[in-house]
Amino acid sequence: MKMLRRMTVWAAAGGLMLAMGSAGQGQQGSGGRTQPVQTQEPMIPIVMPDSQTDKLEQDREKLANKERQKKLVEETAKLLELANELKAAVDKSNKDTLSLDVVRKADEIEKLAHSVKVGMKGN
């Protein structure tokens, strides 16, 4: 939304500069007098930021942040549960055996931890 505003402002500024430049120029006729150039100025709509639009955008951002926070809480709880299960499985095994289930749980924990980390960054 901010990018759209910037582009609109730049487009409006460019149109204004174009209009000002063509209004100050004239055509040289005979005798050195200038004759005004009759041009039709381009119509560029200027979209001003609306407070209602800004409020809607802020509300959407707040809702997205709430959803992200809710997902982080759920994933963190699942991460804790998996870590506890992994610890129990490792405690049950002896020094010579490492079950395939333990390795799978560790991989799942790693993926979930990465997901939580990315979610905390807010991407």
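Laboratory data are not the source of any read-out in this text; all were calculated from the coordinates shown. For clarity, every value in this text was computed on a predicted model and none was experimentally measured. Here Cβ is always computed from backbone atoms with ideal geometry, including for glycine, and neighbour counts include all displayed protein chains.
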Scanning the range 94-110 residue by residue, the ones that are surrounded by 10 or more Cβ atoms within 10 Å (Cβ to Cβ) and over 11 Å from LEU82 (Cα atoms) total 4
Here the qualifying pairs (Cβ atoms under 9 Å; residues six or more apart or on different chains; first in the range 74-99 and farther than 23 Å from SER115 by Cα; second exposed (fewer than 12 other Cβ atoms within 10 Å of the Cβ)) come out as SER99/LYS92
